[in-house]
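Data first, discussion second: the structure below is written as structure tokens.
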Amino acid sequence: MPERPSARAAIALVTDDFTELPPPPRQSEPDGPLAWDGYDALRARAADRTGEDESVVCGTARIEGTPAVLIAFEFGFLGGSLGERTGDRLEVAHIHARDHRLPVVALIATGGSRMQEGMVALTQLQRVARQSALTREAGLPQLAVLRDPTTGGGWATLGAGADVILALPGAQVGFAGSRVRPADADPAAYTAEAQVAAGAADAVVRPEELRPTLGRWLRLLSAPSTEPAPPPHPLGATGLPASGWAAVQRARSPQRPRARSYLDAYFAHRVAISGDRCGGTDDGMLCGFGDHEGRTVAYAAHTGTATRPAGYRTAARLIRLADRLGIPVLTLVDTPGAANDAEAERQGVGAAIADLFGAVAAARTPITTLVIGEGGSGGALALAAPGTTWATPDSYFSVIAPELAAAILKRPPEEVESTADQLRIRPQDLTDLGIARP
């Protein structure tokens, strides 16, 4: 196995400059809080081997020009394990970030809590979680980079608790480390790639791309704004549909512009978040942050397919993060509705939709919505902002699809088109009804 890069090498990989924060003084008992025989000697050997006196290095840095507080783990120091003095340094780092209004970036490589400090070490996770929560409440972003390995409490606090989680290719990532998982466990499940596929991390990033990727994220997440995002210009049809059924046909046309076309036209560049942090992803919901005319705007966009529970939860996660950071949100509505298969029910589609409705309703940051295609029932409405929704000429919004409405009303198939007219689902109808803005 190739030698793991040190904490200093990891810092050098992503920073323009770095100034270490002085560690707080602590009176140490001989052989630590448990008087573990030989612990002092073990730490001394680790210090000689690595040049560090603890498992984490903390300081301030500039990453692609953006200042941040940087936390880097030294795996060569007792497996990057967390002990009392590690907790001291992590606390100092978060306090400095809040005092100076800086984002926090953690370059993690840890096996978990330090055995030689027992429960004293384990309780450092509560301490780290508290500091992270205070930084979150202060409206400051937290980013994590998962190096090899990221396991145990370090993954379950600094890693999985971050706002944006990036990972290096092939890194071992999981709550259970290699020595404590079941003997027959599939090792492929404990990788960075598996965590991204399961919705627990956002992206795998190659080492040579890590600095510019972090730089883009930090620039976007460190630029709050109180101004609403302007709605995108329509990219498809310009004339309004003559009938409700004509509106449905336009919205369902394969030639109609989809979300990716709108996002490409709207943003100079953008970065994506992925996953609901509950074990799922959904390609039918695109979420992230982008640069619109020099200003950061968050986005959540349907892609024209039935939306899965993971898609709703990812969108809710995006809106809550943008709200906390003071970043306006753009949502693009285009779905025939929520997925209605048995698996969607088992995954909690109703609760996921309710959570998204709640996130939109509670948001203090302005949310702008553009209906760009199909607006199918509550599964579409959950992503729409009341009072600040627009609709393109090739869209419709309906309480339910006209075919299903006719079936519920026990009408024959030949009355589907007239039912579409009765439902008043055209974009101009939505404006007349006060659902969409002119």
Relative contact order (percent) for the chain, with alpha-carbon contacts under 8 angstrom and 6 or more residues of separation? 11 percent
State the antiparallel share, in %, of DSSP beta bridges confined to the chain, rounding to the nearest 5. 40 percent
Between the stretch 39-74 and the stretch 406-426, how far is it from one alpha carbon centroid to the other, in angstrom? 67 Å
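Report, in deg cm²/dmol and to the nearest 500, the calculated mean residue ellipticity at 222 nm for the chain, where each DSSP H run with n ≥ 4 adds -39500 (n - 2.57) and the sum is divided by the residue count.
-10500 deg cm²/dmol
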Taking amide H positions as placed 1.01 Å from N in the peptide plane, with prolines and chain starts having none, which residues 5 or more places from THR191, or on another chain, fall under 5 Å of its amide H? VAL173
As an exercise, identify the trypsin sites (Lys or Arg not before Pro) in the stretch 154-219 lying in DSSP coil whose Cβ has no more than 10 other Cβ atoms within 10 Å. ARG179
D (Stokes-Einstein, µm²/s), Kirkwood Cα radius, the stretch 335-438, 1.306 mPa s at 10 °C: 108 µm²/s
So if I take the centroid of the Cα atoms in the stretch 377-399 and the same for the stretch 248-295, what is the distance between those two points in Å? 16 Å
Hey, how much of the P(r) for the stretch 202-276 falls beyond 14 Å, as a percent of Cα pairs? 75 percent
Percent carbon-and-sulfur accessible area, the stretch 57-98, ignoring ligands, DNA and RNA, probe 1.4 Å: 50 percent
Expressed in nanometres to one decimal, the distance between label points 7 Å along Cα→Cβ at ALA407 and LEU240 is 3.1 nm
Taking the Cα atoms of the chain, report the difference between the largest and smallest coordinate on each principal axis, in whole Å and largest first. 85, 47, 35
Apply the Kirkwood formula to the stretch 89-214: the hydrodynamic radius equals the inverse of the mean of 1/r over all pairs of different alpha-carbon atoms; give it in Å with one decimal. 15.0 Å
Against the 2.2 N^0.38 Å rule of thumb, the C-alpha Rg of the stretch 1-130 sits at a ratio of 1.05
Extension gain from ALA35 to GLU209, taking 0.36 nm per residue of separation minus the Cα-Cα distance: 58.2 nm
Rounded percent of accessible protein surface that carbon and sulfur make up, the stretch 297-365, 1.4 Å probe: 54 percent
quick shape note, the stretch 242-372: Cα extents on principal axes in Å, largest first -> 40, 36, 23
For a Förster distance of 35 Å, can you work out the FRET efficiency between the beta-carbons of ALA194 and GLU345, rounded to the nearest 0.05? 0.85
For the stretch 93-211, report the accessible area per residue in Å² (1.4 Å probe, heavy atoms, rounded to an integer). 39 Å²
Please arrange ILE435, ILE327 by accessible surface area, largest first, computed with a 1.4 Å probe and ligands excluded. ILE435, ILE327
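The values are calculated or read from the model by the stated rules, or taken from the named source; none is laboratory data. Small disclaimer: the values here were computed from a predicted structure and weren't measured. FYI the Cβ positions are ideal-geometry reconstructions off the backbone, even for glycines, and counts take in every protein chain you see. Note: accessible area is taken over every heavy atom of the protein model, side chains too, but ligands, DNA and RNA are not part of it. Shrake-Rupley method; radii C 1.70, N 1.55, O 1.52, S 1.80 Å.
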